[in-house]
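The values are calculated or read from the model by the stated rules, or taken from the named source; none is laboratory data. Note that the structure is a prediction, hence the values are computed from the model and not measured. Virtual Cβ from ideal backbone geometry, glycine too; neighbours counted across all protein chains shown. The protein model used for the area step is the full one, side chains on, heavy atoms only, and it has no ligands, DNA or RNA in it. Shrake-Rupley method; radii C 1.70, N 1.55, O 1.52, S 1.80 Å.
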Amino acid sequence: MKIVLLLCLSAMALARPQEDAVAVVDEREGPADNGAYSYNIQIDNGITQSETGNPGEEGQINAEGSYTYTDDDGNSFTITYVADERGFQPQGDHLPVAPPAPDHVADLLRIADEQRAAGITFDQK
């Protein structure tokens, strides 16, 4: 137990202190009566975020925006996103991408569409 405590304290002592960050831009609007809003924030350390939100078809707020940050090596990364009825959908050149579906998946989807069009259904239990 003493070793775990010592390791935790050592890790905390070696942790890099965070610099104080100052907002250089802080623009906000809303929320309006319907829930719409927007904001744009820029921090002097290179972090930025902007977002707008508007009412969605099913009572939720749909948001879209972006944020940018810089890693410890000085590389800048930007993520743009939409968050709506289909969930959070981020995009960025550095984000992983799923491999393409195998060729037979397109055939299976085509067969399923043909079966639905022919009125074929399967009981789901």
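The criterion of at least 3 residues that are modelled with pLDDT of 90 or more and either out of contact with any strand residue (DSSP E or B) (no Cβ under 6 Å at 6 or more places or on another chain) or open to solvent by less than 50 Å² (accessible area, probe 1.4 Å) (or both) is met, among strands (runs of 3 or more DSSP E) falling completely within the stretch 6-108, by 37-43, 48-55, 61-70, 76-84.
Kindly indicate whether Phe122 is out of contact with any helix residue (DSSP H, G or I) (no Cβ under 7 Å at 6 or more places or on another chain), among the aromatic types (Phe, Trp, Tyr) and more than 21 Å from Ile41 (Cα to Cα). Spelling it out, Phe122 is indeed out of contact with any helix residue (DSSP H, G or I) (no Cβ under 7 Å at 6 or more places or on another chain), among the aromatic types (Phe, Trp, Tyr) and more than 21 Å from Ile41 (Cα to Cα).
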